[in-house]
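*Asks:* Got a structure for you, questions after.
The values are calculated or read from the model by the stated rules, or taken from the named source; none is laboratory data. All values derive from a computational prediction rather than experimental measurement. Cβ sites come from the backbone with ideal geometry, for glycine too, and all protein chains shown count toward neighbours. Heads up: the accessible areas ignore ligands, DNA and RNA and are worked out on the full protein's heavy atoms, side chains in. Shrake-Rupley method; radii C 1.70, N 1.55, O 1.52, S 1.80 Å.
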Amino acid sequence: MGWLFAIAALATVALFLAVVHRPLGDYMAWVYSAPKHWKIERGIYRLIGVDAKSEQTWQAYLRGVLAFSAVGLLLVYGLQRLQWWLPYSLGLPAPSEHLSFNTAASFVGNTNWQSYSGELTLGYTVQFAGLAVQNFVSAAVGMAVAIALVRGFTYRRSGTIGNFWTDLVRGTIRILLPIAAIGAIVLLAGGVIQNFNGFTEVSTLTGGAQSIPGGPVASQEVIKLLGTNGGGFFNTNSAHPFENPTAWTNVVEVLLMLVIPFSLPRTFGRLVGDKRQGYAILVVMGVLFVASFAILTAIESGGMGTAPQLAGGAMEGKEQRFGIIGSTLFSTTSTGTSTGAVNAMHDSYTALGGMIPMLNMMLGEVAPGGVGSGLYGLLVLAVIAVFVAGLLIGRTPEYLGKKIGPREIKLASLYILVMPILVLTGTALSFAIPGVRDEVTSVSIWNPGVHGMSEVLYAFTSAANNNGSAFAGLTANTPWLNVTLGLAILLGRFVPIVLVLALAGSLAAQDKVPATAGTLPTHRPQFIGLLTVVTVLVTALTFFPVLTLGPLAEGLL
Amino acid sequence: MQLVTAAPGAFRKLDPRQQWRNPVMFIVWVGAVLTTALAIAEPFLGGPASSGGTAVPWSFTWAIAVWLWLTVLFANLAEAVAEGRGKAQAESLRKTRSTTTASRVTGHYDAVTDAGAERALLQAVSSAELRLGDVVVVSAGELIPGDGDIVWGIASVDESAITGESAPVIRESGGDRSAVTGGTRVLSDRIVVRITSRPGETFVDRMIALVEGAARQKTPNEIALSILLAALSIIFVTVALTLNPIASYAASPVSITVLIALLVCLIPTTIGALLSAIGIAGMDRLVQRNVLAMSGRAVEAAGDVTTLLLDKTGTITYGNRRASAFVPLAGIQPGELSRAAALASLADPTPEGASIVELAGAEGVEVTPSGGEVVPFTAQTRMSGLDLSDGTQLRKGAGSAITSWLEADGRPLPSSVIAEVEEHTEHISRSGGTPLVVAIKAPGVPPQILGIVHLKDIVKDGLADRFAELRSMGIRTVMITGDNPLTAAAIAKEAGVDDYLAEATPEDKLVLIRKEQDGGNLVAMTGDGTNDAPALAQADVGVAMNTGTSAAKEAGNMVDLDSDPTKLIDIVRIGKQLLITRGALTTFSIANDIAKYFAIIPAMFMGVFPGLAVLNIMGLHSPASAVLSAIIFNAIIIVLLVPLALRGVKYRALSASKTLNRNLLIYGVGGIIAPFVGIKLIDLVVSLIPGF
């Protein structure tokens, strides 16, 4: 019975995406390649004083990304530190320096890890002018970088890879804003709140006093999901009834998270002039996503122990209105897309079940990954897969007509190095430095022992992969975790971007090699299978030992 | 046997300065040093440690240390064996290099008045003292003192020291056969040679460096692969380094020995150990086929070639045309034509002439020499033949030449005859043949055209199949010929090449190569003449024939000592094989990690988390035996794969998809399964050791 429901839920999602990905994917391809600027866009270019006409080298493109993000980082940090003096601050004080840094890094890095407690820390101004803006533009940055990499494949003997400012502005204005507007209306219709009421004091039936927060939730909610950001207005995120009131808004929210990541492969296929290439990438994403959902649902549905048996299911930390499948679908989507929103507490999942969201992130956020980052992450893995396959067939490897030589492999190798090193060293240092260890084990970890280790591992995995979800038992608002997680977010976001743009530049400079009978086709099931195996294997080999010390040890006891 | 001779070399390579060049094996080397130090220190530090909550026997650290050293040694051994194969060849080459005495022309060499250097002053100097541009005289029986071009004379030269071919070859000044190699012996006559190489940079010197592996540069794909392997190693080093701090909180820390064992098992040691052996062996396979690659890059490029330019003559067809049919004109008896043609060719020494006599014989027309006067072929008359003693004149030659000969006395031939001849010659040309018109002038009879001999280029057997094979590998073949487009098209069709370039000049060749390269193709070609040099240099793979000029040899990036143009196809094969062998062993190496994890990970933490025993799917005896077995497997697999690395993975001409499927199945799936079986078997033996 449960299975039928799971399949029905999945089929609903699949059906929607099957219908929407084509027009949206084609539309996005047009957005990024159309020659004409809109009037409002030209106004923005004049306002920020950038040249949107000429194409940029990869270095110039990168400088644009980094400068823009650095300004964003300073702005969000400054707004928080000055909160006391800002209007609509709801009387909330400025958060500490390390918390402000963490939050700024988190939102600029499209991560939305929340060490703060949403409604209790930040007022409307910071939420709107700081966080909501970043929710849009950090997502647009991710998409821009992905498109730049795709241009690397389409351009021939070119010194340039596009113009960052056009990509950024068009992504925001032509893609994110219109979809967000539609999505917000749908969510409003579903019961998500939108007001500026501040806190409303009510007396409860039992006679107690309760302070109920209000706020512009729907507008925040929609871009939180659409831009795979994940930072909720409320601390409990999408489990909060004001953010996600019913089972059907739950499905809408899942779709908002998936719609751009699953449409970008179509855009990719369009731009490279071979839609089959896009579908190959799409299938890899889809297979990993469905497999992950199936495993998580199976584990959670079969949850063992006395309490789950009495309750008729492992319902700890899950909302009654979503049930197990509504929760696992949301978790898979949220961790598979680097969103990090939650409608159930991952920390309370069964031991092995909690490992699945972690694994989704450890895959490097490619199933289907964040907006843009999922596509470029999988394309980098495709470069590695093509290299191995090329050796196996006895030819210098080529992907989409571009030769994969030492420089490309160097960049791709460095890319896959970054995330595991951040996750493992971050986790290890938390336990290795004596003073830090005391703080982490006494203040941060809620559940000592194996599960406590998992909480720290989850935190660094989430940060380095720009996901933002948490094993919420961990108290992350400490100087050590705020600073290191903030750094992990920034390095996990921008070091790969540097490498991806360098790769784009290196590919764009090449001429195209014509395909012959000796060229490995990269759209057939064979390559799809190989790419899937490479993706899983790289993750498994890297994280198997540390997982045995965490969820595996806990689950197999 | 090879292993024994290579053993000392393997130990010499333990020097860290040498080990450092191979990062993956250097990590193993460091691990071996560390575990050895630990093994020595342990008794003083309170006996063998326990690891991950499980006690280990006292001999554990020692056993791991020994097997780590063996792992390093096995890798060195593989490289030493590969190098050893070239050493013997280098030795015999070195003998030819031994200093000889050269007769150097002192003072000015006058190429105009005294080209033969008969009157020049000669000075005996050691061959090591020869400089670029020196002129030397070499007489019969002497060794040629250095690489150079013959500026005067003709000689038969024994080049067996270099090519292994015992039949002497003719070398002469001017033209495409003027290059001579130092260390070869002049058998007859006297030649004057201008030296074209600096001391220490001669052909033989380069050859020695190549076969010894000293001059081996890493190829682009090898570099890319090394980077990928290094990246994987860095990930696994991070995994190993971060494991204990994390374990110290949730479980109990693992001993350093076990950590090192885990690390060594995970880093891709199999491919790391064999990578350089594969490269050296690949070059060696070329040398065994008598091809010298001047750079490893060229060998690899050969595997990527998408367009092959093949000279028609010698490569696609036999060098000579052969008579394939007699076409008599209307009213002429077939026997009459073949008899006349055979008679006219009796004294013709060319292979074409001989083939006409042969064909006539095959048709039952035997002619015997009966005197008469031979009329040889000249460029002016463009025909040859025989004047019999009875006054009968027989001629064969190009149609226009014969017609004007027949019409020499003023009476034109009937237009019907001319039309008929033209029809036949046209037809023959169209089919790729060369028409040879045969005519007779007998006393008292009007001169008469008897018919036409159809000369044909004979395409070598089995070529069509080979070209089809190349096509399936994604390689396009283009035939280069000086023939007219009509003939070229016909031969191209018969041979099964994809395209042809007719009436080709060296400039045309260069243009064609540039055009192909602009389209992103990689071009391979062979050539021997000086006028081929620009094209050879432009091509991605240029194979110069050893018989060719030194300009051609300089321009190409490979030299074929056998001067066999069809060898290009073998070179492509070897290039591909090289890449596949690397890819296969990389895939195998990484696939092995899965089984090793299932051996080591449960062993590490089973003491603290007994539940992890379910991961011990191989049912290994004890944690200590599991770790040791994995390490032993890791070392032994290197030795087992040495033959594969040296021989290369078998290459079949299949489509890319099929090749990939096949190799993924063998080395990917095989690489996952093999260690499960291997480690289990080794564990059965290790469990017999007391304490494990």
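*Asks:* By average Cβ neighbour count within 10 Å, what is the ranking of B:599-611, A:183-195 from highest down?
*Replies:* B:599-611, A:183-195
*Asks:* State, in square angstrom and to the nearest 100, the accessible area buried between chains B and A, both chains counted, probe radius 1.4 Å.
*Replies:* By this definition, chains B and A bury close to 5100 Å².
*Asks:* List residues of the range A:276-290, by number, whose backbone nitrogen lies under 20 Å from a label position 7 Å along Cα→C-beta of A:I7.
*Replies:* A:286-290
*Asks:* Also, I was wondering about something else. Give me the inter-chain shielding for B:652-659: mean count of other chain Cβ atoms within 10 Å, whole number please.
*Replies:* Going residue by residue through B:652-659 and averaging, the value is 5.
*Asks:* Next question. Compute the FRET efficiency between B:A398 and B:K515 as 1/(1 + (r/R0)^6), taking r as their Cβ-Cβ distance and R0 = 30 Å, and round to the nearest 0.05.
*Replies:* Once rounded, the FRET efficiency stands at 0.35.
*Asks:* Placing +1 on the Cβ of each Lys and Arg and -1 on the Cβ of each Asp and Glu in chain B, which of B:S415, B:A41, B:H427 has its Cα farthest towards the positive end of the resulting dipole?
*Replies:* B:A41
*Asks:* Let me ask another. For the protein assembly as shown, what proportion of DSSP beta bridges, expressed in % and rounded to the nearest 5, is antiparallel?
*Replies:* The answer is about 80 percent antiparallel.
*Asks:* Moving to a separate point now. Given points 7 Å out from each Cα along the Cα-Cβ axis, report the B:V445 to B:A88 separation in nanometres with one decimal.
*Replies:* Those two pseudo-labels are separated by 6.8 nm.
*Asks:* Just to be sure I understand: if I project the alpha-carbon convex hull of chain B onto a plane and average over all orientations, what area do I get in nm²? Could the numbers behind the result be given before it?
*Replies:* Numbers: hull surface 165.4 nm².
So the Cα hull casts an average projection of 41.3 nm².
*Asks:* Enter the accessible area per residue of chain B (Å², integer; probe 1.4 Å; all protein chains in place). The partial results should precede the final answer.
*Replies:* Details: 27730 Å² over 692 residues.
Accessible surface, normalised per residue, equals 40 Å².
*Asks:* Figure the gain on full extension for B:E507 and B:R382 (residue separation times 0.36 nm, minus the Cα-Cα span) and round it to one decimal in nm.
*Replies:* Additional length available on full extension: 42.2 nm.
*Asks:* Please give the FRET efficiency for A:N197 paired with A:S117, using the beta carbon to beta carbon distance and R0 = 25 Å, rounded to the nearest 0.05.
*Replies:* E(calc), rounded to 0.05, equals 0.85.
*Asks:* Over the whole of B:301-313, what's the average partner chain Cβ count within 10 Å per residue? Rounded to a whole number, please. Provide the component values of the computation, followed by the final result.
*Replies:* Working: counts 1, 0, 5, 9, 2, 8, 1, 0, 0, 0, 0, 0, 0.
Shielding by partners across B:301-313 averages 2.
*Asks:* Follow-up. Using the Cα gyration tensor of the range A:227-308, with a ≥ b ≥ c the square roots of its eigenvalues, what is the shape: rounded (a/c below 1.5), prolate (a/b larger than b/c) or oblate (neither)?
*Replies:* In terms of gyration-tensor shape, oblate.
*Asks:* Quote the FRET efficiency, to the nearest 0.05, computed for B:D461 versus B:A408 with a Förster distance R0 of 41 Å and r equal to the Cβ-Cβ distance.
*Replies:* E between B:D461 and B:A408, to the nearest 0.05, is 0.40.
*Asks:* Give the cross-link partners of B:K680 among the aspartates and glutamates, using a straight C-alpha distance below 18 Å as the criterion and excluding same-chain residues fewer than 8 apart.
*Replies:* B:D593
*Asks:* Still on this structure, I have one more. Along the charge dipole of chain A, which of A:L47, A:I223, A:H346 sits closest to the positive end, that is, farthest toward it, with unit charges on the beta carbon of Lys, Arg, Asp and Glu (+1, +1, -1, -1)?
*Replies:* Highest projection toward the positive end goes to A:L47.
*Asks:* Charges at C-beta only: +1 for Lys and Arg, -1 for Asp and Glu. How large is the resulting dipole of the range B:488-583 about its Cα centre, in Debye rounded to 20?
*Replies:* Result for the range B:488-583 is approximately 400 debye, rounded to the nearest 20.
*Asks:* Averaged across the residues of A:542-551, what count of C-beta atoms belonging to other chains lies within 10 Å of each residue's C-beta?
*Replies:* Mean inter-chain Cβ contacts per residue within 10 Å come to 6.
*Asks:* With each pseudo-label sitting 7 Å past Cα toward Cβ, what's the B:Q123-B:V669 distance in nm, one decimal?
*Replies:* So the two model labels end up 7.4 nm from each other.
*Asks:* Give me the orientation-averaged projected area of the Cα convex hull of the protein assembly as shown, in nm², one decimal.
*Replies:* So the Cα hull casts an average projection of 65.1 nm².
*Asks:* Here's another thing I want to ask about it. Give the lysines whose C-alpha is closer than 18 Å to that of A:K39, dropping any in the same chain fewer than 8 places away, or say none.
*Replies:* A:K39 reaches A:K53.
*Asks:* At 1.4 Å probe size, put B:H427, A:H346, A:H98 in order of accessible surface, largest to smallest.
*Replies:* From most accessible down to least: B:H427, A:H98, A:H346.
*Asks:* Please work out the C-alpha center-to-center distance from the range B:121-198 to the range A:71-127 and express it in whole Å.
*Replies:* Here the two parts' Cα centres lie 85 Å apart.
*Asks:* Mind putting a number on the dipole of the range A:13-98 about its Cα centre? Charges go on the C-beta only, +1 for Lys and Arg and -1 for Asp and Glu, and I need it in Debye to the nearest 20.
*Replies:* It works out to roughly 260 debye.
*Asks:* Cut-off under 18 Å on the C-alpha distance; same-chain residues fewer than 8 positions from B:K441 excluded. Which aspartates and glutamates are left, in chain and number order?
*Replies:* B:E336, B:E373, B:D387, B:D390, B:E407, B:D409
*Asks:* I would also like to ask the following. Given DSSP loops and a limit of at most 14 other Cβ atoms within 10 Å, what is the longest stretch of chain A that contains no such trypsin sites (Lys or Arg not before Pro)? Don't jump to the answer; show the numbers that get you there.
*Replies:* On the way: sites that count: A:K36, A:K53, A:R156, A:R157.
In chain A, the maximal stretch lacking such sites is A:158-557.
*Asks:* For the range B:545-596 and the range B:483-518, what is the centre-to-centre distance using only Cα atoms, to the nearest Å?
*Replies:* Value for the Cα centre distance between the two parts: 26 Å.
*Asks:* A follow-up question, please. Relative contact order, percent, of chain B when contacts are C-alpha pairs under 8 Å separated by at least 6 residues?
*Replies:* 15
*Asks:* Angle, helix B:269-288 long axis vs. longest principal axis of chain B, Cα atoms, 0 to 90°, nearest 10?
*Replies:* 20
*Asks:* If you fit an axis through the alpha-carbon atoms of helix A:247-272 and take the longest principal axis of the Cα set of chain A, what angle between them do you get, 0 to 90°, nearest 10?
*Replies:* On a 0 to 90 degree scale, this one is about 10.
*Asks:* In nm, to one decimal, how far is the modelled label at A:A129 from the one at B:I617, with both set 7 Å along Cα→Cβ?
*Replies:* 5.8
*Asks:* What is the magnitude of the charge dipole of the protein assembly as shown about its Cα centre, with +1 placed on the Cβ of each Lys and Arg, -1 on the Cβ of each Asp and Glu, and no other charges, expressed in debye to the nearest 20?
*Replies:* 2160
*Asks:* Along the positive direction of the dipole of the protein assembly as shown (beta-carbon charges: Lys, Arg +1; Asp, Glu -1; about the Cα centre), which of B:P506, B:L337, A:V436 reaches farthest?
*Replies:* Checked the options; the winner is A:V436.
*Asks:* The range A:327-361 to the range B:313-345: how many Å between their Cα centroids?
*Replies:* Their Cα centres are 85 Å away from one another.
*Asks:* Continuing with the same structure: Rounded to the nearest 10 degrees, what's the angle between the helix A:133-154 long axis and the longest principal axis of chain A, both from Cα atoms, 0 to 90?
*Replies:* Taking the Cα atoms of chain A, the angle to A:133-154 is about 20 degrees.
*Asks:* With no solvent and one point on each alpha carbon, what is the Debye value of log10 I(q)/I(0) for chain A at q = 0.05, 0.07, 0.10 Å⁻¹?
*Replies:* One equal scatterer on each Cα of chain A leads to -0.19, -0.37, -0.78.
*Asks:* Still on this structure, please answer the following. Roughly speaking, to the nearest percent, how much of the range B:324-438's 1.4 Å accessible area is carbon and sulfur?
*Replies:* On the range B:324-438, the fraction of accessible area on carbon and sulfur atoms equals 56 percent.
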